[in-house]
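**Student:** Please find one structure pasted underneath; my questions will follow.
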Amino acid sequence: MLLLAAAAAVSLRYATYLPVVCEARVTHALRALTDAADGSAAVQVAAARAAQSSLSACDCLAGSDFKLMYVRGTALRYLGDPAGAIDAYHRALAVHRRPELYLALGLAQLEALDRSAAIDSFAAAGAFDPAQLERIPYDDVRAEVEQRIDQ
Amino acid sequence: MKTSSLILAVVLLGTICIPLAVLPQGFDAFRLPKVATLRAEVILIAAIFVGALVLRPRRDDERPPAGRRGRQHWLPKAERTPLAISAVRAQTSAAGHAGPPEAPGRSPLVAAVPVACVALAWMAIATLVSTNPAVSSWRLAAGVSTLIVFIATLRVAVGGRAYLALVALPLLAAAFNAAVVILQELNVWMPFGTRPDVRHHLQCTAFIGNPNEVGSYLAVAALVCMAAAFADAARRRWFAAGAALLVAGLVASQTLTAFAAFIAGMIALFALVSWKHALRVALIAGLAAIVLVATVAPLRQRAGQMAKQLRTGRYNAFMTDRLTPFAAASLMAIDRPLTGVGPGTFGWNYHPYKLRAEERFPDLRKAWSRGVNFGVVHNDHLQVLAEGGAVGYALFLACIATLGAISLRRGAADLPPPQRFAFFLALPLAVLWLVLSLAQFPLETVVVRMLIVHFAALCAAWRPS
């Protein structure tokens, strides 16, 4: 009976408690990262560290929650780890192929100096939702992406 | 406390908690908390069941083997007449060995569970061959959870036990939500605050999620309340009053498909009494709909918009820009007609299929929702066909047909209230489910799915012989 009670408690923690708590933490972290996007590098790093720390207990949900890996990827970008960010975005895309994830992946790939992969990712985002192209920060890259989509 | 009483308590708690669970500080403020609550319910049911198995005293020498046949084997072969078997059941029940007496006829478990189990087995096969098995496995887990709650509800309800609690508690939660959505529409009480950048109607979510989900949920609840009013003469006033509140909430949600599904269910309900009644109801419903559209300003505006869209050939706008997910789901079904793309993977596959749909039908690029990443089709018929293939869709229809078939008997005058309730609810609920699935997604929304599953289980448990 003790074993059964322990199994039930563990199941309740992973299936019920953690998803709810992590949803609240992801929401808070994403808001903080969005607010920091226009701030200085120091503000971005502080927001990224806070996000990484608050989501440390949520990694077990990465297979089912694309938002979690999206936040992780954005935090890693702010911390200057584009390779880690690219990995996180790929894991998010394994759960849900959303245009904003492709755009974020493209930005991380640009930071990792992988321009051709970034063009592919931006094209995937822009073909789905042309409004996403406005978020590409470089005019020459945007022009190349538009050309790729037209092709 | 007996195991069945504990499971009954958990089932009742689930019917109350799922429609009320929210997480205001989360992005997914409504769906995730309800999913989490369902998982908690299933874990508790499983723990109680396994705990009862562990703690059950071994009395093999006194008790017959479990199951219906086992109880019959308890009797000498020559004495296995129906009367003797009934007498034995009554004895075992009185001795606390075998739960409440069952309704005559086939066991409800034998009658209803196989179809659901075959559907789940097909879901498992479709998960194995899915385009994304990892995502599909989460949906399979949700299917297992739903089946566990269905069987638990069915088992605790057998014999008409806890009739009033099992029927009324989910309706109380629905009545609360109906009251909240009415207050929200009237701008009297906004429990989750207001956002100036979002249209007021879209913020009228009650504790359910969005106006469409509120409408689907209240349509099911209102129909159940009407069926209860038909079945239970002693409490007819209470159920009729509840139905009035739920219908008011349904109107407040302004969900046309839900309203149409409710009307279709009501016509089926009256058809169970007499076809003349059904025709009269159809006529009255038509007139009431005209009066509602003419007098309620938002409905009048929407009807005017729809007429204009039809006249100008803007069919996608007429269908609130849902043709793109419809086309994407159809392309998925054409690509994998037998097994589909896999349970729960429509959202994951939407990106490439949406691009293909837009290539094929360029007008779809003009939709205002072009940038929206649809996670569900907004049509459960197409969703099941796309994700589960033709076999999955046939099983979906078989589940609905099995439910509707419960009402196929002559008359209900001589039945006790639980059986009358099952008789009056089963077919209308099946009709409502079919119609609602044309432009909504009851299977994809936990709160609506679990309400349908709860009452489908009660119909199976209390099915008239």
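Readers should treat all values here as calculations from the given coordinates under stated rules, not as data from a laboratory. Since the structure is predicted, the reported quantities are computational estimates derived from the model, not experimental observations. Cβ: placed from backbone, ideal geometry, glycine included. Neighbour counts: every protein chain shown.
**Student:** Can you give the average number of partner chain beta-carbon atoms within 10 Å of each beta-carbon in peptide B:22-32, as a whole number?
**Tutor:** Mean partner-chain Cβ count within 10 Å for B:22-32: 4.
**Student:** Can I ask one more? Hey, how many Å between the Cα centroid of segment B:113-148 and the Cα centroid of segment B:1-15?
**Tutor:** 25 Å
**Student:** Another question, then. May I ask for the net charge around A:L76, where only other residues with Cβ less than 12 Å from the Cβ of A:L76 are counted and Lys, Arg are +1 while Asp, Glu are -1?
**Tutor:** Residues close to A:L76 contribute a combined charge of +1.
**Student:** Moving on to the next point. Under a point spin-label approximation (7 Å from Cα along Cα-to-Cβ), what is the B:L397-B:K276 distance to one decimal in nm?
**Tutor:** Placing both labels 7 Å beyond Cα along the Cβ direction yields 3.5 nm.
**Student:** Loop only by DSSP, 11 or fewer other Cβ within 10 Å of the Cβ. Give me the trypsin sites (Lys or Arg not before Pro) in segment B:125-204 that pass, ordered by residue number.
**Tutor:** B:R199
**Student:** Select from segment B:1-37 those trypsin sites (Lys or Arg not before Pro) which occupy a DSSP coil region and have at most 14 other Cβ atoms within 10 Å, ordered by residue number.
**Tutor:** Here the sparse-neighbourhood loop sites are B:K2.
**Student:** With point charges of +1 on the Cβ of Lys and Arg and -1 on the Cβ of Asp and Glu, referenced to the Cα centre of segment B:309-358, which listed residue (B:F326, B:H351, B:T339) lies farthest in the positive direction of the dipole?
**Tutor:** B:F326
**Student:** Say a paramagnetic label sat at a point 7 Å from the Cα of A:S116, along Cα to Cβ; which residues of segment A:128-151 have their backbone N under 16 Å from it?
**Tutor:** A:145, A:148
**Student:** Right, something else. How big is D, in µm² s⁻¹, for segment B:233-291 by Stokes-Einstein at 10 °C and 1.306 mPa s if Rh is the Kirkwood radius over C-alpha pairs?
**Tutor:** Approximately 128 µm²/s, per Stokes-Einstein.
**Student:** At 0.36 nm per residue, minus the direct Cα-Cα distance, what do A:A50 and A:L2 gain on full extension? Give it in nm, one decimal, please.
**Tutor:** 13.5 nm
**Student:** Per-residue mean of other chain beta-carbon atoms within 10 angstrom of the beta-carbon, peptide B:35-43?
**Tutor:** Taking all residues of B:35-43 together, the mean is 5.
**Student:** Among B:L283, A:Y102, B:V144, whose Cα sits farthest toward the positive end of the charge dipole of the protein assembly as shown (+1 at Cβ of Lys/Arg, -1 at Cβ of Asp/Glu, about the Cα centre)?
**Tutor:** My answer, from the dipole projection, is B:L283.
**Student:** For chain A, what is the mean residue ellipticity at 222 nm derived from helices alone (per DSSP H run of n ≥ 4: -39500 (n - 2.57); sum divided by total residues; nearest 500 deg cm²/dmol)?
**Tutor:** So the helix-based figure for chain A works out to -23000 deg cm²/dmol.
**Student:** Let me ask something else about it. How far is the Cα center of segment A:105-138 from the Cα center of segment B:375-449, in Å?
**Tutor:** About 44 Å separates the Cα centre of segment A:105-138 from the one of segment B:375-449.
**Student:** Oh, and also: Report the local net charge at A:V45: Lys and Arg +1, Asp and Glu -1, summed over other residues whose C-beta lies under 13 Å from its C-beta.
**Tutor:** +1
**Student:** Within a Cβ distance under 15 Å of B:K354, other residues only, what is the Lys/Arg minus Asp/Glu net charge?
**Tutor:** With Lys, Arg at +1 and Asp, Glu at -1, the neighbours total +1.
**Student:** Moving on. Could you give the size of the charge dipole of the protein assembly as shown about its Cα centre, using +1 on the Cβ of each K and R and -1 on the Cβ of each D and E, expressed in debye and rounded to the nearest 20?
**Tutor:** Here the size comes out at about 2500 debye.
**Student:** A follow-up question, please. For segment B:377-465, count the residues as N, evaluate 2.2 N^0.38 Å, and divide the Cα radius of gyration by that value, please.
**Tutor:** 1.15
**Student:** Expressed as cubic angstrom per residue, what is the convex hull volume of the alpha carbon set of chain B?
**Tutor:** Convex hull volume per residue, Cα atoms: 166 Å³.
**Student:** Now, a different point. Against the globular-protein guess of 2.2 N^0.38 Å, express the Cα radius of gyration of segment B:161-286 as a ratio, rounded to two decimals.
**Tutor:** 1.12
**Student:** Whole angstrom only: what separates the Cα centroid of segment B:205-232 from the Cα centroid of segment B:304-359?
**Tutor:** The distance from the Cα centre of segment B:205-232 to that of segment B:304-359 comes to 27 Å.
**Student:** Let me ask something else about it. Lysines within cross-link reach of B:K308: Cα-Cα under 16 Å, excluding same-chain residues under 8 positions apart?
**Tutor:** none
**Student:** So what's the back-of-envelope 222 nm ellipticity for chain B, counting only DSSP H runs of four-plus at -39500 (n - 2.57) apiece and dividing by all residues, rounded to 500?
**Tutor:** Helices in chain B give a 222 nm mean residue ellipticity of -23000 deg cm²/dmol.
**Student:** Hand me the chymotrypsin sites (Phe, Trp or Tyr not before Pro) from segment B:379-449 located in a DSSP loop with no more than 16 other Cβ atoms within 10 Å, in residue order please.
**Tutor:** Here no loop site has a sparse enough neighbourhood.
**Student:** Ok, one more. Can you list the aspartates and glutamates whose alpha carbon sits under 16 Å from that of B:K354, skipping same-chain ones fewer than 8 residues off?
**Tutor:** Within the straight-line limit of under 16 Å, B:K354 reaches these aspartates and glutamates: A:E100, A:D129, B:D321, B:D335, B:D363, B:E387.
**Student:** May I have the extent of the alpha carbons of chain A along their three principal axes, as whole Å values ordered from largest to smallest?
**Tutor:** 65, 35, 23
**Student:** Using label points projected 7 Å from each Cα along Cα→Cβ, tell me how many nm separate B:Q25 and B:L172, to one decimal.
**Tutor:** 3.0 nm
**Student:** Also, quick follow-up: In the protein assembly as shown, what cysteines have no partner Cβ closer than 4.7 Å?
**Tutor:** Result for the protein assembly as shown is A:C60, B:C17, B:C117, B:C204, B:C225, B:C399, B:C459, no neighbouring Cys Cβ within the cutoff.
**Student:** In whole percent, what relative contact order does segment B:306-386 give with Cα contacts below 8 Å and a gap of six or more residues?
**Tutor:** Answer for segment B:306-386 is 40 percent.
**Student:** So, with +1 on the Cβ of K and R and -1 on the Cβ of D and E, and no other charges, what is the size of the charge dipole of chain B about its Cα centre, to the nearest 20 debye?
**Tutor:** Using only the charged Cβ atoms, the result is roughly 680 debye.
**Student:** Also, quick follow-up: Given charges of +1 on the Cβ of Lys and Arg and -1 on the Cβ of Asp and Glu, with all other atoms neutral, how large is the dipole of segment B:339-463 about its Cα centre, in debye to the nearest 20?
**Tutor:** The dipole magnitude comes to about 120 debye.
**Student:** Working out 0.36 nm times the residue gap between B:D363 and B:W238, then minus their Cα-Cα distance, what length gain in nm do you get to one decimal?
**Tutor:** 39.9 nm
**Student:** Quote the relative contact order of segment B:200-318 in percent (integer), defining contacts as alpha-carbon pairs under 8 Å separated by 6+ residues.
**Tutor:** It comes to 18 percent, rounded to a whole number.
**Student:** Could you pull the Cα extents of the protein assembly as shown along its three principal axes, largest to smallest, in whole Å?
**Tutor:** Sorted from largest, the Cα extents of the protein assembly as shown read 90, 63, 48 Å.
**Student:** Over all directions, how big on average is the projection of the convex hull of the alpha-carbon atoms in segment A:19-92, in square nanometres?
**Tutor:** 4.2 nm²
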